[in-house]
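Here the structure comes first, spelled out in C-alpha cells, and everything after it is commentary.
The values are calculated or read from the model by the stated rules, or taken from the named source; none is laboratory data. Since the structure is predicted, the reported quantities are computational estimates derived from the model, not experimental observations. With ideal geometry, Cβ positions are generated from the backbone for all residues, glycine too; neighbour counts draw on all protein chains shown. Surface accessibility is based on the protein's heavy atoms, side chains included, excluding ligands, DNA and RNA. Shrake-Rupley method; radii C 1.70, N 1.55, O 1.52, S 1.80 Å.
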Protein chains: 2
Amino acid sequence: MTTMRERLRNPETVQTEITTRLHALMQAKSTQAAAHGSHFAELWALTSQAAQGGKLLRPRLVLGVFDGFRATAATNTHPRETAIDLAAAVELLHFAFLLHDDLIDEDLTRRGVPNLAGSLVTSVASTQLQGSDPGDETRRMHWARSSALLMGDLMLTLAHQVFARARVADPERSRMLDLLDTTVTETVAGEYIDVSLADAQITPTLPLVLDMTRMKTATYSFELPLRLGAIVAGAGALAEQRLGDVGRHLGIAFQLQDDLLSAFEQSERHGKDQFSDFREGKETALIACARLTNEWPLIERLMGPTNFSEESGRALQQLLHECGARDVIEAMVRDQIEIAENILTRDDHVIAPEVCQFLLALMARMVGRQS
Amino acid sequence: MTTMRERLRNPETVQTEITTRLHALMQAKSTQAAAHGSHFAELWALTSQAAQGGKLLRPRLVLGVFDGFRATAATNTHPRETAIDLAAAVELLHFAFLLHDDLIDEDLTRRGVPNLAGSLVTSVASTQLQGSDPGDETRRMHWARSSALLMGDLMLTLAHQVFARARVADPERSRMLDLLDTTVTETVAGEYIDVSLADAQITPTLPLVLDMTRMKTATYSFELPLRLGAIVAGAGALAEQRLGDVGRHLGIAFQLQDDLLSAFEQSERHGKDQFSDFREGKETALIACARLTNEWPLIERLMGPTNFSEESGRALQQLLHECGARDVIEAMVRDQIEIAENILTRDDHVIAPEVCQFLLALMARMVGRQS
C-alpha cells in the first residue's frame, strides 16, 4: 500500500523540475536579448545566473499544493506543465522584488554573495574603460544600480507574461490575474511602509509593523503560492481562500521567526551577519514590541550604526529578553502556526488531505528551523 | 459626402476618452490601495495625479490606427472599449518607464514640474516628522526615490494586467503579449545602452547611439501603439508588420528631431532647459556624429557640467553646425520620414487608407514641430 507521503513527489525531483523550467525560461529570453547587442546579452547572462541561486521555497509550495490536490481525484486539474510554469514565474517575481529591494536597501550582497549590482560593479565589462578619474567609481556604481533596476523591471514583466499566457480556462485565468494583482499591490504597499519606517517618515507602532510583515512577506511568499497551486489544481474558491488564510498565518510566523533568529542566534546558524538587524536599526516586530516597554530608552540607545559593537549586540539580546518582547513574539509565532494548523486539520475535506499533510510537514520543519 | 478626414474622430473627443479611461483605471486601484492603509493611499493619490499629466501621444496613436481600420469594413474589429483600455495601458507603461528613467537620471522634475519623487520630497506627510537632524534630508530623498521605484513597479504591473485581461480572442492575445514582451525587452535594452554610455561603461559610436535611440524611444512610443491599434482592429499580420516599420522610422525621426530641438532651439519653444543636453554631456546621435569630425576635440572640451556657460552653449551650436553633424542628423530625419511615407503610400491597400491619412497628417505636423 502506498502511504500519503510516498504519493507526494520527492523534494529533489521537484527541485530539479523547477530549476530546469526556470533555466529554460531564462534561456529563451537570453536568445532574444542577444538580438539587442552584445552588451545587453552580457547583462542578461549575469542576471540569469543571479536568478538561479535561490532555495526555491515559493515554487516548491506551488507544486506541493498542486500535487497534493492532484493526488485526490476530486479536482479538475490542469496539466502539471502549467503548474511548473507558474511555479517558475513565482520565483521570477520573487527575484524581481529582491533586485529592487536590494536597491532600496543599498545592498550589494545577498546571503554573503554579490547580488546583480554587486557582480556588475566588479565585472570585466565595467572596468575595461576605467581610467584614473576619481568619479569612475561613482559612475560604475550608478551604472550597476541602474542596470539592476532595469533588470528588475524585466523580471517583473517576465513573471506577468507567464501568468498571462498560462494555458488555463478563462475563469481560472481571471482568478490567477486577480491573485497576482493583489499580491503585487500588497507587496508594494508593504515595502512602502518598510521604507517609510526605515527613513523615519511614519511613526512605528506594533500593528503597523505587523501589517508591514504580512504585506511585504506573507502575501507573496506564502499566500500567493498556496492559492496559485489550488487554482491550477482546479480546487474551488473555498479551498483557495482557506489556503490563502493558511499562507498568511504561515508567512507571518516565518517572518517573525526570521526576526528572532537574526536577533538571538549565532550568525553561522542563519546565514546573515551577526546583529545586522540591530546595527541597521531595523524596525522589526520585535523592536516595535520593545518600544512599548520600560526598557525601550536603554534599547534605543544601543541600536543603530553609530558605535555599534558586539558588546551592544549582546546587551540588546539580554534587554529584548528581559523586557518581554522576545516572549511576546515567540508566542505570536506559536499562535500563527496554531491557527494555520487548525485550518488544515478541519475535518471537512475542503482542502485535500495530501495538501494538508504537505503543509503540516512543512510547518513542523519550520517550528524547528534555525536558518 | 463625408471626407476621410471627417470620418476620423475629433482629436479632442479622443483625448477625453483616454483621460476618462485612465482616470477610471487609476480610481479602481485607488480604492484597492486604501485597503492597505492611509499612508499607501496618500502615495497612490500622488501617483495617480502624476500619471495624468501627459500629452497622450501614444494612446492617441493606438486609437487613431484602430479608428482608421474601423472606418473600412474589411477588418474583423474588437469593440472600441477594448482599444481604449489598451490605449490607456500604453500610457501607463510610458508612465512606468518615466518613473524609473527619472530615478536613473536622478531627476526630480519633468517638463518643469515636480515628478513623483519631487512631489514626495516636498509633501506634507514627509515633513511632519522632520526634526533638525542633518540626516533628515538624505532620508527624505531616499524615501521619495524608493517610493517612486515601487510605484513604477506597480504601474508596470497595471499595464500588464490590462493587456492580459483584454477581451480578445486567443490568437490576438498571443500577438499582443508577444508585442508587449518584445517592447519591454527592447526598451530595457535601449535604456541599458543609454546608461552605459552616460556612465562611460561602453564606447560611444554612431551606430550604437542610433540603436539606442530606436530601442529606447521608437519601439514603445511608436511601434507598439501602431501595431497594437492594428491588432485590436483585427488587421492582418502584414498590415501590423508594415505599421511596425512605419512606427520605427517615425520614432527614430521623432527622437532625432528632439535632439536637434534641444540643441538648436530656444528653450521657450521646446520646454526643456536651454542647453540641458550639452550641460549633461548627453550622448545623442548629433554628438556621436560630431565625434567623427575634425571639430570633435573642440566640441568635447565645451560639453559637460564643468564650467558650462551660455557662451559655450552658443559656441557648441556653431561648431555642431560647422562640422556638418547638424546637416547629417537633419538629413536622417528627412530620410526616416520619407521611408515611412513611402510605406504608407504604397497603393496595395494593405493598410487602410484612413490609417495612412491619419499617420501622414501626423507626420506633416511632426516635420514642422518646434516643441
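May I have the convex hull volume per residue, in Å³, for the Cα set of the range B:74-230? Dividing the Cα hull volume of the range B:74-230 by its residues yields 147 Å³. Probing with 1.4 Å while keeping every protein chain in the model, the per residue accessible area of the protein assembly as shown equals 42 Å².
With the label put 7 angstrom out from Cα along the Cα-to-Cβ vector, residue A:238 ends up 5.7 nm from the copy partners, going from closest to farthest. The B and A chains share an interface that buries close to 5400 Å² of accessible area, total over both sides, probe 1.4 Å.
Taking all protein chains as shown and a probe of 1.4 angstrom, residue A:240 keeps an accessible surface of around 10 Å². Sorting B:165, A:167, A:21 by accessible area puts them as A:167, B:165, A:21; the probe is 1.4 Å, largest comes first, and only protein heavy atoms count.
Quick one: putting +1 on the C-beta of Lys and Arg, -1 on the C-beta of Asp and Glu, what dipole do you get for the protein assembly as shown around its Cα centre, in Debye to the nearest 20? The calculated dipole for the protein assembly as shown is roughly 1660 debye.
Computed from the Kirkwood radius of its Cα pairs, the Stokes-Einstein diffusion coefficient for the range A:201-249 at 37 °C and 0.692 mPa s stands at 284 µm²/s.
Across the identical copies, the 7 Å label point of residue B:41, projected outward along Cα→Cβ, sits 5.2 nm from its counterparts, in ascending order. Across the protein assembly as shown, the fraction of Cα-Cα pairs farther apart than 35 Å, rounded to a whole number, is 50%. Its relative contact order, with pairs defined as Cα atoms under 8 Å and 6+ residues apart, puts chain A at 19 percent.
Dipole magnitude of the range A:245-371 about its Cα centre, charges +1 at Lys/Arg Cβ and -1 at Asp/Glu Cβ only, in debye to the nearest 20?
Numbers: 13 positive and 22 negative charges, 38 e Å.
Taking the Cα centre of the range A:245-371 as origin, the dipole is about 180 debye.
When the alpha carbon gyration tensor of the range B:188-229 is reduced to an equivalent ellipsoid, the three semi-axes, largest first, read 24, 10, 5 Å. Listed cross-link partners B:55/B:216; A:29/B:55; A:216/A:282; A:216/B:216; B:216/B:282; A:29/B:282 are compared with a 21 Å cut-off, the Cα-Cα value being larger for A:29/B:55; A:216/B:216; A:29/B:282. Shape analysis of chain A yields a ratio of the Cα radius of gyration to the Kirkwood radius, Rg/Rh, of 0.99.
For chain A, the fraction of 1.4 Å probe accessible surface lying on carbon and sulfur atoms is 51 percent. Summing +1 for each Lys or Arg and -1 for each Asp or Glu, what net charge is found among the other residues whose Cβ lies under 12 Å from the Cβ of residue A:342? Within the 12 Å Cβ shell, the charges total -3. Across B:328, B:62, B:246, mean-square fluctuation computed from a Gaussian network of chain B (C-alpha pairs under 10 Å connected) peaks at B:328. A viscosity of 1.002 mPa s and a temperature of 20 °C, combined with the Kirkwood radius over C-alpha pairs in the Stokes-Einstein formula, give the range A:207-288 a diffusion coefficient of 155 µm²/s.
Using +1 on the beta carbon of Lys and Arg, -1 on that of Asp and Glu, and nothing else charged, what's the dipole of chain B about the Cα centre, debye to 20?
1040 debye
What is the projected area of the convex hull of the Cα atoms of the range A:164-248, averaged over all directions, in nm²?
Mean projected area for the range A:164-248: 5.9 nm², to one decimal.
Rg/Rh, computed from the Cα trace of the range B:301-358 with Rh as the Kirkwood radius, has the value 1.34. With contributions of -39500 (n - 2.57) from each DSSP H run of at least four residues, the per-residue ellipticity at 222 nm computed over the protein assembly as shown stands at -23000 deg cm²/dmol. Highest mobility in the GNM of chain A, judged by mean-square fluctuation with C-alpha springs under 10 Å and restricted to A:105, A:194, A:258, is found for A:105.
Taking the label point 7 Å along Cα→Cβ, residue A:81 and its counterparts in the other copies are spaced 3.4 nm apart, in ascending order. Remark: C-alpha extents of the range A:255-367 on the principal axes read 56, 30, 18 Å, sorted largest to smallest. What is the pair-distance distribution P(r) of the range A:194-335, computed from all Cα-Cα distances in 10 Å bins starting at 0, with each bin given as a whole percent? The calculated distribution, bin by bin, is 12, 37, 31, 13, 6, 1. Projecting the Cα atoms of A:92, A:24, A:37 onto the dipole axis of the range A:17-175, where Lys and Arg carry +1 and Asp and Glu carry -1 at the beta carbon, places A:24 farthest toward the positive end. Comparing B:316, B:343, B:103 along the charge dipole axis of chain B, the residue lying farthest to the positive side is B:343, per the Cβ-charge model. What share of Cα pairs, in percent, lie more than 12 angstrom apart in the range A:134-183? Across the range A:134-183, Cα pairs with separations above 12 Å total 71 percent.
What the pair-distance distribution of the range A:329-371 shows, using all Cα-Cα distances binned every 10 Å from zero, is 27, 51, 20, 2 percent.
Residues of the range A:17-61 that lose at least 20 Å² of accessible area (1.4 Å probe, protein heavy atoms only) when the other protein chains are present, relative to their chain alone, are A:29, A:32, A:36, A:39, A:40, A:43.
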